[in-house]
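Below you'll find the structure, written out as structure tokens, and then a few comments.
The values are calculated or read from the model by the stated rules, or taken from the named source; none is laboratory data. Being a predicted model, the structure only gives us computed values, none of them experimental. A quick note on method: Cβ atoms are made from the backbone with ideal geometry, for glycine too, and the neighbour counts reach across all protein chains shown. Surface areas here come from the heavy atoms of the whole protein model, side chains and all, with no ligands, DNA or RNA. Shrake-Rupley method; radii C 1.70, N 1.55, O 1.52, S 1.80 Å.
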Amino acid sequence: MKRGKLAVCVLTILLMIGAAVVGKYDMRNYHFPFTVCITADGQTQEISCHQKWGEYYVFLPAYAQQAEVTVRTNPGYEMRIGNRVLTDGTDCSQFPLGQRLDLFYDTADHEPDNAVTFLQAEHVGTVFIDVHSGSMDYIHREKGNREGGSIRVYDGDGRLWHTGDLESVRGRGNATWLWEKKPYSLTLDSPADLLGMGEAEEWILLSNAPDPSHLRNKIAYDLAAEVGLAYSPECQWVDLYLNGEYAGLYLLTERNEIHPQRISVGAENFLVSMELEERLQKQKYPYIKTERGTVLRIHQSDLLHSSIRQIWESAENAIFAEDGKDPVTEKAWTELIDLDSWAKKYLIEEVFGNYDGCFISQFFFYDGSA
């Protein structure tokens, strides 16, 4: 009986010690010991600390004025950064950018419990996305999952370009979807001009995860536009925040689609992309397969699938014919494709060494009215 009472006492003491430790280090929010609030153009955004390699980072958008960035702490707790005690509303003007600062979970502590570094982007826009559930877990669980929410887009100077509802945000890509940093497709609830790229509902956020420089896609798109390759997507770098958490530097781009401000609209037009058949079958996208085995996903068209297949096969037949003419229509391959755009696209793919350049995610637009 005495041993039982002793065991209970010991257990009680251990639980009390554990509670004290948790109270110190959990701070009611273990992942984010504090948040910061940023106001621009009448809108306020709360941003969480980003935890990496066991330390904390605060990523401020390019437009943020550090003296106007304020700390929001958990009620009833006081922390300090260096010698500066953090209370609710403390401004961040005294925290130098890019410097590792000691973080104390208790103002009486003599040894730091962690470290925090304040960082800020330069000359890039900012996109804030908040989904209804408050978490990206459902979207990240499977690429086809989607969820609605809200979006705000600022340029590097803090000008609010767009604020509104998101019909959906969902994952995109194939190999790129397998990286920890995910790419996304966005559908706005109504067309909007984002950062001067023209009005549209559909947008893409490229993560550039395989490319630490973040330069390759941007240079490729810009070069395509510079050499006059029609319908080359416009793009802008942005810092992305998902539900108040920094997600990284992304490339906000136009989507390849038939749209008045993107690709010409017409009854005889079609937009297709060359893809892997097994992927299209799994994802249940509409597609055709030519006699030579070319697999084309049909993105947009009012034409019958058989008509699209006939048009494509005519060009294929002409290209492979000895005299360069389709034996059925007697049209030369130079009449059936736009040689100038095909040559430009081929050279860009070669210059950038695009591994997928010959068979995956290659978009083709047919203008039947030309």
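Worth pointing out:
- Computed from backbone phi, the HN-Hα couplings of region 291-301 come to 4, 8, x, 6, 9, 10, 6, 8, 8, 8, 4 Hz, rounded to whole numbers (Karplus: 6.51 cos²θ - 1.76 cosθ + 1.60, θ = phi - 60°; Gly and Pro given as x).
- Length-normalised contact order for region 169-302 - Cα pairs under 8 Å, 6+ apart - percent: 17
- Relative contact order of the chain, taken over Cα pairs closer than 8 Å and 6 or more residues apart, is 10 percent.
- Amide H contacts of GLY156 (H built 1.01 Å from N, in plane; Pro and chain starts excluded): GLY125 sit under 5 Å, all sequence-distant by 5 or more or on other chains.
- Summary value for region 203-250: 32 percent relative contact order, contacts being C-alpha pairs under 8 angstrom separated by 6+ residues.
- Student exercise, region 127-260 dipole from Lys, Arg, Asp, Glu Cβ charges, in Debye to nearest 20: 480
- Equivalent-ellipsoid semi-axes of region 54-115, from the Cα gyration tensor, Å, largest first: 20, 14, 10
- Loop trypsin sites (Lys or Arg not before Pro), region 254-286 (other Cβ atoms within 10 Å of the site Cβ: 12 or fewer; DSSP): LYS284
- Working note: 222 nm ellipticity from helices only, DSSP H runs with n ≥ 4, each -39,500 (n - 2.57), summed and divided by the residues of the chain, gives -6500 deg cm²/dmol to the nearest 500.
- Listed residues SER213, SER341, SER93, most fluctuating in the chain (Gaussian network, C-alpha, under 10 Å): SER213
- In region 106-187, GluC sites (Glu not before Pro) in a DSSP loop with at most 15 other beta-carbon atoms within 10 Å: GLU122, GLU142, GLU180
- On Cα atoms only, tilt of 305-320 relative to the major axis of the chain in degrees: 70
- Inter-label distance for GLU202 and GLN261, nm, one decimal - labels placed 7 Å from Cα along Cα-to-Cβ: 1.6
- Within the accessible area of the chain, the carbon and sulfur atoms contribute 51%, probe 1.4 Å, all protein chains present.
- Residues whose amide H lies under 5 Å from that of GLU147, counting only those 5 or more places away or on a different chain, are VAL169; hydrogens are built 1.01 Å from N in the peptide plane.
- Simple label model, 7 Å out from Cα along Cβ direction - TYR138 to GLU335, nm: 5.5
- Here's how it looks for LYS331: its modeled amide H is under 5 Å from those of ASP326, which are all 5 or more places away or on a different chain.
- Cα gyration tensor shape for region 115-236, rounded if a/c is under 1.5, else prolate or oblate: rounded
- Projecting label points 7 angstrom from Cα along Cα→Cβ for ASP41 and GLN300 puts them 2.5 nm apart.
- In straight-distance terms, cross-link reach from LYS218 covers every one of the aspartates and glutamates whose alpha-carbon lies under 18 Å from its own, apart from those fewer than eight places away in the same chain; here that gives GLU122, ASP155, GLU226, GLU234, ASP239, GLU254, GLU349, GLU350, ASP356.
- The largest accessible area among THR329, THR70 belongs to the first residue in THR329, THR70, and the rest follow in falling order (1.4 Å probe, all chains).
- Karplus-based coupling profile of region 66-79, in residue order and whole Hz: 4, 5, 9, 8, 10, 8, 10, 9, 6, x, x, 10, 10, 10, with θ = phi - 60° in 6.51 cos²θ - 1.76 cosθ + 1.60 and x standing for Gly or Pro.
- FRET efficiency for the pair GLN99 and SER150, taken as 1/(1 + (r/R0)^6) with r the Cβ-Cβ distance and R0 = 35 Å, rounds to 0.55.
- Acute angle (nearest 10 degrees) that the helix 216-226 long axis makes with the longest principal axis of the chain, alpha-carbon atoms: 40
- Using R0 = 30 Å, the C-beta based FRET efficiency linking ALA321 and GLN281 works out to 0.45.
- Over 21 Å between alpha carbons, listed pairs LYS143/LYS345; LYS143/LYS284; LYS282/LYS345; LYS143/LYS182: LYS143/LYS345; LYS282/LYS345
- Counting only protein heavy atoms and a 1.4 Å probe, region 241-370 has 58 square angstrom of accessible area per residue.
- If you plug the beta carbon distance of ALA343 and ALA108 into 1/(1 + (r/R0)^6) with R0 = 56 Å, you get a FRET efficiency near 0.20.
- Structure-derived semi-axes √(5λ) of the Cα gyration tensor in Å - corresponding label in (1) 53, 24, 17; (2) 33, 23, 20; (3) 49, 21, 18: (1)
- The stretch between LYS289 and TYR57, if pulled fully straight at 0.36 nm per residue, gains 78.5 nm over its current Cα-Cα span.
- Computed from Cα positions, the angle between helix 339-351 and the longest principal axis of the chain comes to roughly 40 degrees.
- Given the chain, longest segment not containing exposed loop chymotrypsin sites (Phe, Trp or Tyr not before Pro) (DSSP; at most 13 other Cβ within 10 Å): 180-354
- Centroid-to-centroid separation of region 263-300 and region 134-162 [C-alpha atoms, Å]: 28
- Label point at ARG84 placed 7 Å out along Cα→Cβ; residues across region 94-110 whose backbone nitrogen lies under 17 Å: 94-107
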